[in-house]
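A.B. asks: Handing you this structure, nothing more for now.
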Amino acid sequence: MPDLLLTELRKIQKKDGYISEQAIKKLNKKTGIPLSNIYGTATFYAMLHTTPQGKYIIEICNSPSCFLNNSLNIIKYIENKLKIKSGQTSKDKKFSLHIGSCIGCCDKAPAMLLNKKQYTNLTKEKIDFILKKLK
Amino acid sequence: MQIKKQTKGKALAKAKKLGQKATINLIKEKVLLGRGGAGFPTGTKWEMVYNEPEKEKYLICNADEGEPGTFKDKFILEKNPELVIEGIKIAMFAIGAKKAFIYLRGEYEYLENRLKKLIKKANIEIVVGAGAYICGDETAILESIEGKRGQARLKPPFPTVKGLYGKPTAINNVETLANVPLAIYYKDWNPNLRLYSLSGNVTKPGIYELPLGTKLCDLIKLGKPKNKIKAIYFGCFGGCMPHCEKTKLTPDDICGKDCIHGAGTIIAVDEKHSIVDVATNIAKFYEFESCGKCTPCREGTMRILALLENISLKNADMKDLNTLQELAEVIKETSFCGLGQTSTNHLLTALKYFRKEFEERIKEQKDRRRIR
């Protein structure tokens, strides 16, 4: 059975923060999986990144349950506070922001993942509190 | 709650005593239906894999719970993961699989370590997804585990014949597998108890275990909504309908309203929210999650979103509603996989039951333009 490519790519991202061209070439040499296939897989999934990301990756949910619980205002608040839009990374390389699909916290909406950790029942005050603690 | 009961390995022991065929027959007799949304009889699926002459077989536990508003699998994996692992072991034994995979969605990565501890020496591998709604589809999940882009395969051949690495594969949902040990061990196991994920404009959202046939309004009452509930969405793919006293939570009753009972997802929308805005939000979801394999879904979801944004933000005509309807029907009929085919259910049902809201929004804008 061949190596599980998805698992390999996750390992790379965990180590380097993102999946670089160099890392893809290295993986190609190691596994023999064609470059195009690795790149195809790496660019397909929302949680795999082929560009450098900030130290903290914020994935904020805007699916219906969160949308019905004021997620748009929370998203706007974060965008203004960090001065970045979805898909961008702040100049000081501290934060990356992604507006995404449901993260399964619909009973505690609105919600987000910060470096894969769940933060729920978000309010502007809570966002202030969470972001302040990060260095 | 039935789902919180434990079997502590006794169900697996009983299955081994019974043997493969008798275990499959027991699951068939107990009428365990798949809980991922399609409701396919689990015993029948296992039997199909069991009957394949191929030696190598696989079992996949589908923990890629991506449907917006659904969090029942997360609930089970948090509260009673032991049951799921035992269910996987029983399924592996019944179909004759030496290896199993748990496809855990990327958003639930925090559950990985606890599951790993429970697996111990069993030949079960966890593959963590990376954020793709399409991977909940049973053939896309195969592609994803094989390390490819998670795009659906053409059926037939069905996974039970040619699945993972071309070998016969059974793919079962988390809630299904959690019910396997319960069905085998407990004589009074109730196949009609379902987990409903309630969210939206309610003050008490959460998981409610209720029997099929419960009145929808009784579930909404449990959620204690602050304002009057106007519409119910059965996830994004299940469509919407007006909230009424009579509807019962059964696949038949809800299908009669053009919606899909699916995996028990209930999103309540109150009077303060516009269906046009909810439709635009869901359209954005599908535009983002369309995998790009087939044209109707890839291009269609994009056009649907553009038309809806036009209605909700800029200027649209009554004619646009007909275009929207026609396009939605074409996407439904011509898309390659389930994602595309169900991607416009929400819109078709919204246009059927809440067309007035769309018309009013268009009129509002026209009036505003005239004043200017």
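Throughout, read-outs are computed from the coordinates displayed, never taken from laboratory work. If you're wondering where the values come from, they're calculated on a predicted model, not measured in any experiment. Virtual Cβ from ideal backbone geometry, glycine too; neighbours counted across all protein chains shown.
A.B. asks: Could you tell me the relative contact order of chain A? Use alpha-carbon pairs under 8 Å, at least six residues apart, and round to a whole percent.
C.D. replies: It rounds to 21 percent for chain A.
A.B. asks: In nm, what is the difference between 0.36 nm times the number of residues separating A:Q88 and A:K124 and their Cα-Cα distance?
C.D. replies: Gain on stretching A:Q88 to A:K124: 10.9 nm.
A.B. asks: In degrees between 0 and 90, to the nearest 10, how far off the longest principal axis of chain A does helix A:21-31 point, with axes built from Cα atoms?
C.D. replies: The helix A:21-31 is inclined about 50 degrees to chain A.
A.B. asks: What number, rounded to the nearest 500 deg cm²/dmol, is the helix-based mean residue ellipticity at 222 nm of chain B, given -39500 (n - 2.57) per DSSP H run of at least four residues and division by all its residues?
C.D. replies: Details: 16 runs with 173 residues, N = 372.
Result for chain B, helices only: -14000 deg cm²/dmol.
A.B. asks: Distance between the C-alpha centers of the stretch B:217-274 and the stretch B:23-75? Whole Å please.
C.D. replies: 26 Å
A.B. asks: Right, another one. Treating the angle as unsigned and between 0 and 90°, give the value, to the nearest 10°, between the Cα long axis of helix A:71-82 and the longest Cα principal axis of chain A.
C.D. replies: 70 degrees
A.B. asks: Given the options B:L154, B:A263, B:Q341, identify the residue whose Cα lies farthest towards the positive end of the charge dipole of chain B (+1 on Cβ of Lys, Arg; -1 on Cβ of Asp, Glu).
C.D. replies: B:A263
A.B. asks: Right, next: To check you understand DSSP bridge types, tell me what percent of the beta bridges within chain B (both residues inside) are antiparallel, rounded to 5.
C.D. replies: 45 percent
A.B. asks: Something else about it: With springs only between Cα atoms under 10 Å, which of B:T176, B:T203, B:T280 fluctuates most in a Gaussian network model of chain B?
C.D. replies: Evaluated over chain B, the most mobile residue of the options is B:T203.
A.B. asks: Measure nothing fancy, just the Cα-based angle from helix A:35-44's long axis to the longest principal axis of chain A, in degrees from 0 to 90, nearest 10.
C.D. replies: Around 10 degrees separate the two axes.
A.B. asks: Sticking with this one: Ranking B:R114, B:R105 by Cβ neighbours within 10 Å, fewest first, what do you get?
C.D. replies: In order of increasing Cβ crowding within 10 Å: B:R114, B:R105.
A.B. asks: Run the quick spin-label model on B:K121 and B:K8: label points 7 Å from Cα toward the beta carbon, then report their separation in nm to one decimal.
C.D. replies: Between B:K121 and B:K8, the label points sit 2.2 nm apart.
A.B. asks: Same structure, new question: I need the fraction of alpha carbon pairs in the stretch A:56-133 separated by more than 17 Å, rounded to a whole percent. Provide the component values of the computation, followed by the final result.
C.D. replies: Numbers: 1066 of 3003 pairs.
Here the long-distance tail beyond 17 Å is 35 percent of all Cα pairs in the stretch A:56-133.
A.B. asks: On a C-alpha basis, how far is the centre of the stretch B:280-342 from the centre of the stretch A:80-131 in Å? Whole number, if you could?
C.D. replies: The distance from the Cα centre of the stretch B:280-342 to that of the stretch A:80-131 comes to 28 Å.
A.B. asks: What number in nm² do you get for the stretch B:265-324 if you take the convex hull of its Cα atoms and divide its surface by four?
C.D. replies: Mean orientational projected area (the stretch B:265-324, Cα hull): 5.2 nm².
A.B. asks: Largest first and in whole Å, give the semi-axes of the stretch B:193-270's equivalent ellipsoid, each being the square root of 5 times a Cα gyration tensor eigenvalue. Write out the running numbers ahead of the final one.
C.D. replies: Working: eigenvalues 55, 37, 26 Å².
Here the semi-axes work out to 17, 14, 11 Å.
A.B. asks: Over every pair of different alpha-carbon atoms in chain A, take the mean of 1/r and invert it; report that Kirkwood radius in Å.
C.D. replies: 16.0 Å
A.B. asks: Return B:Y133, B:Y353 ranked ascending by Cβ neighbour count within 10 Å, so the fewest neighbours appear first.
C.D. replies: Working: B:Y133 28, B:Y353 19.
Placing the least packed residue first, the sequence is B:Y353, B:Y133.
A.B. asks: With a point put 7 Å past each Cα toward its Cβ, work out how far A:K116 is from A:T7 in nm, to one decimal.
C.D. replies: Those two pseudo-labels are separated by 1.4 nm.
A.B. asks: If the convex hull of the alpha-carbon atoms of the stretch B:46-137 is projected onto planes in all directions, what is the mean projected area in square nanometres?
C.D. replies: The orientation-averaged projected area of the Cα hull of the stretch B:46-137 comes to 6.2 nm².
A.B. asks: Next question, about the same structure. Using a Debye calculation, one point per C-alpha and no hydration shell, please list log10 I(q)/I(0) for chain B at q = 0.12, 0.13, 0.14 Å⁻¹ in order.
C.D. replies: Each listed q maps to, in turn, -0.91, -1.05, -1.19.
A.B. asks: Tabulate in residue order the Karplus-calculated ³J(HN,Hα) for the stretch A:5-17, using 6.51 cos²θ - 1.76 cosθ + 1.60 with θ = phi - 60°, rounded to whole Hz; enter x for Gly and Pro.
C.D. replies: Computed from phi, the couplings for the stretch A:5-17 are 4, 4, 5, 4, 5, 5, 4, 4, 5, 5, 7, 9, x Hz.
A.B. asks: Restricting to Cα pairs below 8 Å that are 6+ residues apart, what does the relative contact order work out to for chain B? Please round to a whole percent.
C.D. replies: Computed over chain B, the figure is 16 percent.
A.B. asks: From the alpha carbon gyration tensor of the stretch B:2-185, can you work out the equivalent ellipsoid semi-axes (sqrt of 5 times each eigenvalue) and give them in Å, largest to smallest?
C.D. replies: 22, 20, 15
A.B. asks: Further question on the same structure: Starting with the fewest neighbours, write out B:E360, B:E289, A:E21 ranked by other beta-carbon atoms found within 10 Å of each beta-carbon. Before the final figure, lay out each step's value.
C.D. replies: Details: B:E360 13, B:E289 22, A:E21 10.
Fewest-to-most Cβ neighbours within 10 Å comes out as A:E21, B:E360, B:E289.
A.B. asks: In the stretch B:349-371, which residues have a backbone nitrogen under 19 Å from the label point lying 7 Å from B:N315's Cα in the Cα-to-Cβ direction?
C.D. replies: It comes to B:359-371, nothing else.
A.B. asks: Now for a different question. Find, to one decimal place in angstroms, the Kirkwood hydrodynamic radius of the stretch B:275-371, where the mean of 1/r is taken over every pair of different Cα atoms and then inverted.
C.D. replies: The Cα-based Kirkwood calculation yields 13.3 Å.
A.B. asks: Okay, moving on. Do the sum for chain A: with -39,500 (n - 2.57) for every DSSP H run of n ≥ 4, divided by all residues, what is the mean residue ellipticity at 222 nm, to the nearest 500 deg cm²/dmol?
C.D. replies: Rounded to the nearest 500, it is -13000 deg cm²/dmol.
A.B. asks: Å³ per residue of the Cα convex hull, for the protein assembly as shown?
C.D. replies: Values: hull volume 79.2 nm³, N = 507.
Spelled out: Cα convex hull of the protein assembly as shown, divided by residues, is 156 Å³.
A.B. asks: A further question on this structure: If you take the Cα Rg of the stretch B:117-269 and divide it by 2.2 N^0.38 Å, with N the number of residues, what do you get?
C.D. replies: Working it through for the stretch B:117-269, the quotient is 1.24.
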